[in-house]
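A short write-up of the structure that comes next.
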Amino acid sequence: MAATLQAPPASVERHQLYEDALAMLMGTLFIALGMLIYSKTMLLTGSTAGLSLLLSYITKVQFGIIFFVINLPFYWLAWKRLGWKFTARTFIAVGLVTIFSRLTEQWVGFAHLDPVYATVVGSGLCGTGLLMLFRHRTGLGGVNILAIYLQEKHGIRAGYFQLGVDLAILAGAFFVLAPDRLLLSVVGAAIVNLTLAINHKPGRYLGMS
């Protein structure tokens, strides 16, 4: 789950606190539901969420717990590079996804999930949820933070780094997922990134937190 988070221009009207809170609530609920749909059909996404899903398939530990723990080492980088406000919002968002991932399993049940439908809807939910968070200057930690740091500190292109990480995760999934699930996971990753690329262009949305 990649992102490019931009600093707000001085002339842009900032979001109110309730607007940030509502976006964080809805965004994390969408992502938690998308991850549940993915987990029920043995699909995989990229970035830290994808690694957490892969580890949950291998270890049988709940996705939310792994997701929260994996993100812990990256908060220091976020604090140093993106500021305490972004770090605090990101920490809260990761915590909410962790909680909602556990609760959503109790709130929602599936008697049948078609894998193709799960790919489109699950990735659509995740992409939309991420879009809500990004527009309110909130991330989901992990690889996004490290990619931004490497680009600023060492000149390594964030997009290339994140692509390399996603490919490594999918390569690891080759030994865990069935070939059709792996192919659908690639399609799902494309849907997530297209959702962000089309709707999160510079100048298209000017409200900032």
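Compared with the dominant principal axis of the Cα atoms in the chain, helix 179-199 is inclined by about 20°. What distance in nm separates the two pseudo spin-label positions at I99 and A21, each 7 Å out from Cα along the beta-carbon direction? For the pair I99/A21, the computed spacing is 1.3 nm.
Shown in residue order for the stretch 118-128 are the 3J(HN,Hα) couplings computed by the Karplus curve 6.51 cos²θ - 1.76 cosθ + 1.60 at θ = phi - 60°: 4, 4, 5, 6, x, 5, x, 5, 5, x, 5 Hz (x for Gly and Pro). Descending by average beta-carbon neighbour count within 10 Å, the peptides 29-40, 101-112 line up as 29-40, 101-112, the highest first. Farthest towards the positive end of the charge dipole of the chain, among the residues L53, T195, V165, is the Cα of V165, using unit charges on the Cβ of Lys, Arg, Asp and Glu. When the C-alpha to C-alpha distance is required to be over 23 Å, the pairs from K80/K153; K40/K60; K40/K85 that qualify are K40/K85. Simple point charges give the picture: +1 on the Cβ of Lys and Arg, -1 on the Cβ of Asp and Glu, and for the stretch 41-142 a dipole about the Cα centre of about 540 debye. Principal-axis analysis of the Cα atoms of the chain puts helix 47-59 at an angle of about 30° to the longest axis.
Its Cα centre serving as origin, the chain has a Cβ charge dipole (Lys and Arg +1, Asp and Glu -1) of approximately 460 debye.
In a reduced charge model with +1 at each Lys and Arg Cβ and -1 at each Asp and Glu Cβ, the stretch 85-152 shows a dipole moment near 320 debye about its Cα centre. Computed from the C-alpha gyration tensor, the three semi-axes of the ellipsoid equivalent to the stretch 91-138 are 23, 16, 6 Å, from longest to shortest. For the pair F174 and L194, the difference between a 0.36 nm per residue extended length and the Cα-Cα distance amounts to 4.8 nm. Taking the inverse of the mean 1/r over every pair of distinct Cα atoms in the stretch 18-102 gives a Kirkwood hydrodynamic radius of 13.3 Å.
The convex hull drawn around the Cα atoms of the chain, when projected onto a plane and averaged over every direction, covers 11.2 nm².
Bear in mind that the values in this text are calculations on the coordinates, not laboratory data. Everything quoted here is computed from the prediction, not taken from an experiment. Because the Cβ atoms are built from the backbone with ideal geometry, glycine has one as well, and the counts that use them run over all protein chains shown.
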